[in-house]
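Structure, as structure tokens:
No lab work stands behind these numbers, since they all come straight from the coordinates. Model, not experiment: these values are computed from the prediction. Cβ atoms come from the backbone with ideal geometry, glycine included; neighbour counts cover every protein chain shown.
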């Protein structure tokens with residue numbers, strides 16, 4: 001089943017010709033019925049880079065934008081999300097103190113903000129480690145996250161956050177202090193209990209119930225596009241295939257699908273999503 005009237009949006013996907021299948025993965029998404037994607041920059045480690053000042057992120061962002069342009073030539077609509085993966089702090093702390101690591105990550109976010117300001121990207125990426133860290137590292141990570149939230153408020157854009165599993169309820173207050181509405185903070189790889197905007201893995205069993213309740217949420221594959229981890233997290237066809245299965249089974253309606261794939265992303269990111 002492919003409904004030509006419903007856009008199909010993957011809210012968090014990586015397309016990486018350097019380390020993965022690149023345009024072939026984007027074509028898979030398209031052939032399965034996908035129409036729009038939010039292409040997220042990958043960690044510096046994917047590029048063999050260990051940032052020293054934060055300026056190194058500029059080359060990573062430039063490459064991400066170049067790849068996005070190639071994907072657009074396939075006929076897909078691509079929105080770029082740029083930022084600093086929260087796990088960067090663990091790599092940085094192997095050689096510099098926490099304060100310096102925070103400064104490097106903040107500089108990377110500031111550079112990402114330049115691309116948002118000129119229209120090359122639509123949102124920031126930030127967060128905090130999804131694994132256990134010391135209180136000192138958690139404090140440093142939350143400082144970086146607050147910087148991202150404040151920067152997003154100034155730019156008038158959204159933030160995708162990668163963080164620990166669970167609701168991340170404290171981020172609502174952090175966003176409020178930064179001047180950013182909580183609905184403009186997208187919890188990547190979300191659980192339904194988050195008060196932020198959940199981006200749900202396409203195979204999550206709670207999607208029909210959330211749709212029936214009228215929740216604002218998006219769907220994602222978190223496809224990593226790395227040859228050493230094929231299909232991780234789930235494949236590039238997953239969002240369209242899961243959506244069409246839900247429609248065919250009657251577990252969601254066409255109106256639900258439009259709300260998930262067009263209405264909510266437009267609300268959160270301030271972009272136009274239409275067929």
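Per-structure values
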item	result
Qualifying residue in the range 137-149 (condition: under 29 Å from residue 267 (Cβ atoms), touching a residue at least 60 places away in the same chain (Cβ under 8 Å) and either in a helix (DSSP H, G or I) or over 21 Å from the mean Cα position of the chain (by Cα) (or both))	yes
Identity of the residue in the range 86-114, surrounded by fewer than 22 Cβ atoms within 10 Å (Cβ to Cβ) and in contact with a strand residue (DSSP E or B) (Cβ under 9 Å, 6 or more places away or on another chain), that ends up nearest to residue 153 (Cα to Cα)	113
Residue that is surrounded by the fewest Cβ atoms within 10 Å (Cβ to Cβ), among those in the range 7-47 that are within 10 Å of residue 224 (Cα to Cα) and touching a helix residue (DSSP H, G or I) at 6+ places or on another chain (Cβ under 7 Å)	19
Top-ranked residue in the range 150-167 [being in a helix (DSSP H, G or I) and within 17 Å of the chain's Cα centre (by Cα); ranked as farthest from residue 199 (Cα to Cα)]	151
Of residues in the range 211-226 being under 22 Å from residue 247 (Cα atoms) and in contact with a strand residue (DSSP E or B) (Cβ under 7 Å, 6 or more places away or on another chain), the one surrounded by the fewest Cβ atoms within 10 Å (Cβ to Cβ)	216
Residue identified as under 26 Å from residue 240 (Cα atoms) and out of contact with any strand residue (DSSP E or B) (no Cβ under 8 Å at 6 or more places or on another chain) among 181, 195	195
Single residue of the range 117-145 satisfying the filter (buried (at least 20 other Cβ atoms within 10 Å of the Cβ) and out of contact with any strand residue (DSSP E or B) (no Cβ under 7 Å at 6 or more places or on another chain)) that is farthest from residue 44 (Cα to Cα)	140
Residue under evaluation residue 274, criteria (1) under 19 Å from the mean Cα position of the chain (by Cα); (2) closer than 20 Å to residue 81 by Cα, criterion not met	(1)
